[in-house]
Amino acid sequence: MTPKSPHVSRPPSPRIACYGTAFLADAPVDAIALMRGIAAEVPQFSSPRLDASFLINCGRFLSGKPATMAAAPSTYLKRVAGADFHSSKATVVYECSTELRGLLAALTAERATQMAIEWHGGYGPQKSKPAELNGRTRRRLEILRNLAALALQGKDPQTKLMLRVDYRKQH
């Protein structure tokens, strides 16, 4: 019989909440000013759980790449400014690629609904029961629709689709 190893307890890691704002900006982008906030007249929308990983997944789904594929995040997003993550609050500003903006602008209502429902299907085997529109799925669908509308507004090559994400540690 082998002796049991003593259980080492560690404090739980804090949960991190994110709140993202997608917006359009004219080039060149003043990333430092964006860290302080976004002007009210700028086309934008905000949502909880809208962060860089959400946009990277959108790019993967819309381009037909499997979610499990190890694609470089810089394909779709470029970090242009950010705060220190050691504090309890941090802000990061990203610029979406022209490719991602084009993919989002071409997103149809039917495809957005399909993506929202099958969001986690690319990560593993499908569940046996059919997916349904629950609270999280509805939030994803709303984000996808707003991203598509914003991307359509930003067709000018000088206009950039941007993302500002505020992260907060929850204790």
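Taking only the range 120-156 into account, find how many residues are at pLDDT 85 or above, surrounded by fewer than 15 Cβ atoms within 10 Å (Cβ to Cβ) and assigned to a loop (DSSP other than H, G, I, E, B).
1
For ALA70, work out the one condition from (1) surrounded by fewer than 20 Cβ atoms within 10 Å (Cβ to Cβ); (2) at pLDDT 90 or above; (3) not in a helix (DSSP H, G or I) it doesn't fulfil.
Looking at each condition in turn, ALA70 falls short on (2).
What are the residues in the range 77-119 that are under 22 Å from MET35 (Cα atoms), open to solvent by less than 20 Å² (accessible area, probe 1.4 Å) and free of Cβ contacts under 8 Å to residues at least 60 places away in the same chain, if any?
The one that is under 22 Å from MET35 (Cα atoms), open to solvent by less than 20 Å² (accessible area, probe 1.4 Å) and free of Cβ contacts under 8 Å to residues at least 60 places away in the same chain: ALA81.
Within the range 40-50, count every residue that is in a loop (DSSP other than H, G, I, E, B) and open to solvent by 40 Å² or more (accessible area, probe 1.4 Å).
From the range 40-50, those in a loop (DSSP other than H, G, I, E, B) are 40-43, 49-50; that's our starting set.
Narrowing the set further to residues that are open to solvent by 40 Å² or more (accessible area, probe 1.4 Å) leaves 40-41, 43, 49.
Selection size over the range 40-50: 4.
Give the residue that is most open to solvent (accessible area, probe 1.4 Å), with candidates limited to residues of the range 1-29 that are among the aliphatic types (A, V, I, L, M) and modelled with pLDDT under 75. Can you show your working first?
At the first step, the residues of the range 1-29 found to be among the aliphatic types (A, V, I, L, M) are 1, 8, 16-17, 22, 24-25, 27, 29.
Right, trim to modelled with pLDDT under 75 and you get 1, 8, 27, 29.
Working: MET1: 230, VAL8: 107, ALA27: 42, VAL29: 47 Å².
In this case the residue turns out to be MET1.
The values are calculated or read from the model by the stated rules, or taken from the named source; none is laboratory data. Predicted, not measured: the structure shown is a model, and the values here were computed from it. Here the Cβ is made from the backbone with ideal geometry for all residues, glycine too, and neighbour counts use every protein chain on show. Heads up: the accessible areas ignore ligands, DNA and RNA and are worked out on the full protein's heavy atoms, side chains in. Shrake-Rupley method; radii C 1.70, N 1.55, O 1.52, S 1.80 Å.
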